[in-house]
1. Is it the case that S356 is open to solvent by 10 Å² or more (accessible area, probe 1.4 Å) and more than 18 Å from T45 (Cβ to Cβ)?
2. Within segment 286-315, how many residues turn out to be over 18 Å from N340 (Cβ atoms) and either part of a strand (DSSP E or B) or of a type in the set (K, R) (or both)?
3. Please verify whether segment 16-33 includes one or more residues that are open to solvent by 20 Å² or more (accessible area, probe 1.4 Å), touching a residue at least 60 places away in the same chain (Cβ under 8 Å) and touching a His at 6+ places or on another chain (Cβ under 8 Å).
4. Could you please let me know if I298 is aliphatic (A, V, I, L, M) and open to solvent by less than 10 Å² (accessible area, probe 1.4 Å)?
5. For a quick check of your reading of the model, give me the residue pairs whose first member lies in segment 210-236 and is of a type in the set (K, R), whose second is open to solvent by less than 50 Å² (accessible area, probe 1.4 Å), with beta-carbon atoms closer than 6 Å and at least 6 apart or on different chains.
6. Hey, could you check segment 97-121 for residues that are touching a residue at least 24 places away in the same chain (Cβ under 8 Å) and polar (S, T, N, Q) and say which is most open to solvent (accessible area, probe 1.4 Å)?
7. One residue is enough: does segment 161-171 have a residue meeting the conditions open to solvent by 10 Å² or more (accessible area, probe 1.4 Å), in the same structural domain as I442 (by the TED database), within 21 Å of D236 (Cα to Cα) and in a helix (DSSP H, G or I)?
8. Write out, first by first residue and then by second, each pair whose Cβ atoms fall under 7 Å of each other, whose residues are 6+ apart or on separate chains, and whose first residue, in segment 412-425, is touching a residue at least 24 places away in the same chain (Cβ under 8 Å) and open to solvent by 20 Å² or more (accessible area, probe 1.4 Å) while the second is hydrophobic (A, V, I, L, M, F, W, C) and assigned to a loop (DSSP other than H, G, I, E, B).
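The values are calculated or read from the model by the stated rules, or taken from the named source; none is laboratory data. Not measured: the values here are computed from a predicted model. Positions of Cβ are backbone-derived with ideal geometry, glycine not excepted, and every protein chain shown enters the neighbour counts. With ligands, DNA and RNA removed, areas are computed over all heavy atoms of the protein, side chains included. Shrake-Rupley method; radii C 1.70, N 1.55, O 1.52, S 1.80 Å.
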Amino acid sequence: PEDTVTSSFASFIHAARPELLSQTVRQRSKRMILDSIGVGLVGSTTRVFDIALRYCRLYSSVAVSSVYGKPGVKLSPTLAAFTNGVATHSMDFDDTWHPATHPSGAVLPALLAASQMLPPSTKPNGLDFLLAFNVGLEVQGRLMHFSTEAHDIPKRFHPPSVVGTLGSAAATAKLLSLSSEQCCHALGIAASLAGAPMANAATQAKPLHVGNATRLGLEAALLAARGMEANPLILDDIPGCSGFSAFYGVYQPQPLPAPGERHEFLLEKQDIAFKRFPAHLGMHWVVDAALSVRNLFINYAGSFRPSLIRTIMLKIPVSKYINRPFPSSEHQARHSFQFNACAALLDGEVGLGSFSESSIHRQELRELLDKVVVEHPEDNVANFDKMYGEVALLLHSGDVLTGKCDTFYGHWRKPLSKESLLKKFRSNASHVLPEEKIEAIIALVDDLETLSDSSQL
């Protein structure tokens, strides 16, 4: 069928050209690529990454694709994509879009692996790579806009495991120059490989969602390239027979306009949120609110003295999987409003070290957690574009000090400066790379459009 939602997506993937990428889109997507590489590099130091890497090394295959943070280690393209995807989300440090998903981690590892897989005569250049990356972002963003449900903090499926899988398939299909028909089948195959439940949030299994998304999207494109077929209406709303609509209670798909001269990528309209510390995005509101009220408290009392605090009131949106009063592991702590607010109050910052076992189980932190009371104001909705965080300290003296954050630094409405993003990248990459290689990556990404062979990344 020619006039269907699915065919319109396939046509867009096939027909998109580099000249459609505006300067804004290029700059924003290069920031995403650099941040994602840095997050993946520091993520390669985690236990969940080591588990994933040991698993992948059980397989003997054509090992041509590199692994974050492991010089000399190579895996098959699909397993390298999986392992690097796990690294990217291992600390929940990766970028976030609205409607909610982690767009880069589901796409970039697949493109890096595929670029190394291709023979020298067909290596994509940097501009081809940048276009494929943006095609993967665009497909994710368009799919999320088909459902009002996707605009809220998720309850059923983890978004990157759903839209990310199709974004990876689209990006890889573009990099491999698949035909429009093959692109259509790649989306259909990816839909059958997509989906992970939110119940595995705050566990070591959650990073697998991003690892699987990027790996399985790559596999879908490779299968389509070899003649595998799937339902050509997979993105359409067909009564009585669920396709992509199976993932959403409300689903109203619209065709994707052909990439003509005036096509505007979603990344042009809305920037990406970059995280300043490795935790669920919702934590960034309460941390900024907690730091604000901590400053008020120090001005009030001369120093931070927990004994003066009777109650810590958190006003947060309703979201069960990030409302965790007493987290017992690093992954639970990254998904706990209570923990992140109290860590910020106690230490005056939240960083990599905040989620170590010794930090989580500190007696003084547990005593603060005992003081926390949660409220869910009706105007504080579970939506990353509308929510806020408020932290109030009710003192034994009867005084009340309050800090509130509507937009944290790093949100798409308040993006990180170039200096802040580079500082984050250098800090993350320094855990596994020497300074000269860190600066070389920065230079490569900055001049990505001129790179003759994208596999150099």
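1. So S356 fails the test.
2. Start the filter on segment 286-315 by keeping residues that are over 18 Å from N340 (Cβ atoms), which leaves 296, 298-303, 305, 307-308, 310.
Then drop every residue that is not either part of a strand (DSSP E or B) or of a type in the set (K, R) (or both), which leaves 305, 310.
Qualifying residue count, segment 286-315: 2.
3. Step one: of segment 16-33, the residues open to solvent by 20 Å² or more (accessible area, probe 1.4 Å) are 17-20, 22-24, 26-28, 31.
Cutting the leftovers down to touching a residue at least 60 places away in the same chain (Cβ under 8 Å) gives us 17-18, 20, 22, 24, 26, 28, 31.
Subsequent filtering for residues that are touching a His at 6+ places or on another chain (Cβ under 8 Å) retains 20.
Yes, some residue in segment 16-33 is open to solvent by 20 Å² or more (accessible area, probe 1.4 Å), touching a residue at least 60 places away in the same chain (Cβ under 8 Å) and touching a His at 6+ places or on another chain (Cβ under 8 Å).
4. No.
5. R215/T78; R215/A81; R215/F82
6. Q116
7. Our first condition is that a residue be open to solvent by 10 Å² or more (accessible area, probe 1.4 Å); within segment 161-171, this holds for none.
No - not one qualifying residue is present in segment 161-171.
8. Hits for this filter: W412/I272.
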